[in-house]
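First, the structure itself, so that you have it in front of you.
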Amino acid sequence: MPAEYTNLEKIRLEKLETLKKRGVEPYPTRAQRTHTSRQAVAAFEEAEEKGSVQPVQAIVAGRIRSMRVMGKITFAHIEDGEGRLQLFLRADEIGRDALEIFNRDLDIGDFVQAKGEMFRTKAGEVTLKVQEYRLLAKSITPLPAAKDEVIDGQVVRHTVLADPEMRYRQRYADLAVNPEVRQIFRTRAAIVRALREYLDGLGFLEVETPILQPIYGGAAARPFTTYHNQLKQTLYLRISFELYLKRLLVGNLERVYEIGRDFRNEGVDRTHNPEFTQLEFYCAYADYLQVMEMTEQMIAYVADKVLGKRQFTYQGNTIDVNPPWRRLELRQGLFEVTGIDIQACPTTADLQRAMRERGLPYDPNAPRGKLIDGLIGDYLEPTLVQPTFLYDYPRDISPLAKSKPGDPQTVERFEGFIAGMELCNAFTELNDPLDQEQRFLEMGRDYDAEDEQRHPMDEDYLRAMRYGMPPNGGFGMGIDRLTMLLTDSPNIREVILFPHLREREGE
RNA sequence: GGGCGCGUAGCUCAAUGGCAGAGCAGUGGCCUUUUAAGCCAUUGGCUGAAGGUUCGAGUCCUUCCGCGCUCACCA
């Protein structure tokens, strides 16, 4: 119950009472519809083209978005899931009482159903001439007003709901008045659909693995912790799917993927939300070079399906995802932007010295891998605007990736960047159980318990690997970030329906 | 967590430290082809919260709450 109704809400509640007194049920149980707004217009235009004399009858339903009351006639627009349709109500047709109720007791925001005949107005707009209408749901709280004007075929919206806080906290209102927001989430669904199509087409099996995990792993992040009362067990919300999906490879499922939610107890900013959607796949007998090719093919496929083209604009940059993407060795890339050759700095002390010589700030407690990771983020990542695979990463920040033959310091790992944003991460997966155990031990030694780089030892995962894991290539990608790119959204919150916000006092 | 900025009517926004306003929405009228309909009239505010400075605070100061940008942090 709202603590207090606003004046505008009180007026609408009075209208609700008036309607009831006049025998109008404001929330009827059933509705009827023969045409969506778009179908009704299409049916009329088709008949018009054929020169048909048969009138097009339709029952439509939607939300009232505008009303123009002109004495004994009224024009209104309703909006449904597909678009808008103008209604034309005339006292002669529906009766004075019905028109009066419509004009006086119905409001913008109400859901109605209307039955009538399609026609074209003098101004040329295809419109429903209403014979009867019915209220489907009364709106008490006024929608944040948005008024549309059509200039040269372009819809210009006035007084749009723009306050980001209200848009995210009351996403329902945002969606109701901002059609382009609805479009973002249709695009998001299309992206996920296209990814599934692509992977299914390659014979991948979609699976679901635990979200509540006794040991978290597969990424460097702090987890959310929870507790199972009956089992008296601490559990973690997963930070990645990796270790469970790779267990499945041990079980002879050769190609698996999962699309789902990950949870990371980290900072929130324009590219990070505490819960986010991830795609991971693992492909037996593939290495990271094959995964690289799959990645660029997959993204091109998604762009084709979703946008119908492989070029798009993101925040002013034209991005072209047509394969092949640029491939940049991490060592080379870092050398170009910092002048440091990480190959020549095999120890933490060497790298610290090189950074100091060039006046680059660094965390004196960070091991070599973390320093390199920092250099990437600070100097290299922002320059990677066109799709780029950065490859061959330091071993100590990649505890689940396989070393490059003949180069134990480096692992076969790549990350994909677009528009200066990390989009995906992949490697030739480590399948040697003895090496894997060693990596966990190194992690425990080089990083203290609070460091999110540290991966806890997962004995069961090691046991699985000891049964024999086929060599394989693995891949992970943030669906939210891909959606940002393909919808030209500057902030991850624009592509998450209900993004995390701090709870307000009293709510 | 640090820095910067913002918070005023249902929505979008004004207001040198000096009477808190506009457009849209709403309400009451007129209007039988409008479309940001138009015309006339009109309601609506504890200026995010609490303190303080001042003759006087939306405006200046302090604290708190929330949001945004940014830095730190962030496979």
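What follows is calculated from the coordinates using simple rules that are stated; it is not laboratory data. Keep in mind that this is a model prediction, so the values were computed, not measured. Methodologically, a virtual Cβ is constructed for each residue, glycine included, from the backbone with ideal geometry; neighbour enumeration extends over all protein chains shown.
Calculated from DSSP H runs of 4 or more alone, at -39500 (n - 2.57) each and per residue, what is the 222 nm mean residue ellipticity of chain A, nearest 500?
-10000 deg cm²/dmol
Starting from the Cα-Cα distance between A:Val337 and A:Glu275, subtract it from 0.36 nm times their residue separation and give me the gain in nm to one decimal.
Here the segment from A:Val337 to A:Glu275 would lengthen by 19.1 nm.
Could you give the size of the charge dipole of the range A:7-142 about its Cα centre, using +1 on the Cβ of each K and R and -1 on the Cβ of each D and E, expressed in debye and rounded to the nearest 20? Don't skip to the answer; put the middle values down first.
Numbers: 24 positive and 21 negative charges, 72 e Å.
In debye, rounded to 20, the range A:7-142 gives about 340.
Ok, one more. Mark the label point 7 Å from the Cα of A:Val207 along Cα→Cβ and return the residues of the range A:239-274 whose backbone N is within less than 14 Å of it.
A:241-259
Moving to a separate point now. Name the residues whose placed amide hydrogens come within less than 5 Å of the amide hydrogen of A:Tyr314, ignoring near sequence neighbours (fewer than 5 apart) on the same chain.
The answer is A:Ile319.
Work from the charge dipole of chain A (Cβ charges, +1 for Lys and Arg, -1 for Asp and Glu, about the Cα centre) and give the residue of A:Pro26, A:Thr6, A:Phe263 farthest towards its positive end.
A:Pro26
At 0.36 nm per residue, minus the direct Cα-Cα distance, what do A:Asp378 and A:Glu459 gain on full extension? Give it in nm, one decimal, please.
The span from A:Asp378 to A:Glu459 would gain 25.6 nm if fully extended.
May I ask you to compute the full-extension gain from A:Arg157 to A:Val69, defined as 0.36 nm times their residue separation minus their alpha-carbon distance, rounded to one decimal in nm?
29.6 nm
Hey, another quick one. Which of the peptides A:403-415, A:336-348 is most tightly packed, and how do the rest follow, judged by the mean count of other Cβ atoms within 10 Å per residue?
The most tightly packed comes first, giving A:403-415, A:336-348.
Set the Förster radius R0 to 30 Å, insert the Cβ-Cβ distance between A:Arg502 and A:Gln233 as r into 1/(1 + (r/R0)^6), and round the FRET efficiency to 0.05.
0.50
What distance in nm lies between label points placed 7 Å from Cα along the C-beta direction at A:Leu13 and A:Glu357?
Modelled inter-label distance: 7.6 nm.
Now a separate question. Do any of A:Lys50/A:Lys72; A:Lys15/A:Lys115; A:Lys10/A:Lys147; A:Lys232/A:Lys402; A:Lys10/A:Lys138 go past 25 Å between their Cα atoms, and which?
A:Lys50/A:Lys72; A:Lys232/A:Lys402
Quickly rank A:198-208, A:57-67 as a protection proxy: mean count of other C-beta atoms within 10 Å, highest first.
A:57-67, A:198-208
What distance in nm separates the simple spin-label points at A:Glu149 and A:Arg327, each placed 7 Å from Cα in the Cβ direction?
Distance between label points: 5.5 nm.
Between rounded, prolate and oblate, where does the range A:7-142 land on the alpha carbon gyration tensor, with a ≥ b ≥ c its root eigenvalues, rounded for a/c under 1.5, else prolate if a/b exceeds b/c?
prolate
Could you run the Karplus curve 6.51 cos²θ - 1.76 cosθ + 1.60 with θ = phi - 60° over the range A:216-225 and give me ³J(HN,Hα) per residue in whole Hz, x for Gly and Pro?
Residue by residue, the range A:216-225 yields 8, x, x, 7, 9, 6, 7, x, 7, 10 Hz.
Dipole size in debye (nearest 20) for the range A:158-218 around its Cα centre, Lys and Arg Cβ +1, Asp and Glu Cβ -1? Spell out each step's value before the answer.
Details: 8 positive and 8 negative charges, 34 e Å.
Its charge dipole is roughly 160 debye.
Same structure, new question: Report relative contact order for chain A in percent, whole number only (criteria: Cα-Cα under 8 Å, sequence separation at least 6). Write out the running numbers ahead of the final one.
Details: 927 pairs, mean separation 59.8, N = 507.
The normalised contact order for chain A reaches 12 percent.
Next question. Name all residues of the range A:140-154 having a backbone nitrogen under 18 Å from the label point set 7 Å from the Cα of A:Val24 along its Cα→Cβ direction, giving them as ranges.
A:140-143
Order of A:His77, A:His158 from fewest to most other C-beta atoms within 10 Å?
A:His158, A:His77
What dipole magnitude, in Debye to the nearest 20, does the range A:1-87 give about its Cα centre under +1 on Lys/Arg Cβ and -1 on Asp/Glu Cβ?
400 debye
Related question: Using Stokes-Einstein with the Kirkwood hydrodynamic radius over Cα pairs, what translational diffusion coefficient do you get for chain A at 20 °C and a viscosity of 1.002 mPa s, in µm²/s rounded to a whole number?
The Stokes-Einstein estimate is 80 µm²/s.
Does anything in the range A:230-261 have its amide N under 17 Å from the 7 Å Cα→Cβ label point of A:Asp200, and if so which residues?
Within reach of a label on A:Asp200: A:255-260.
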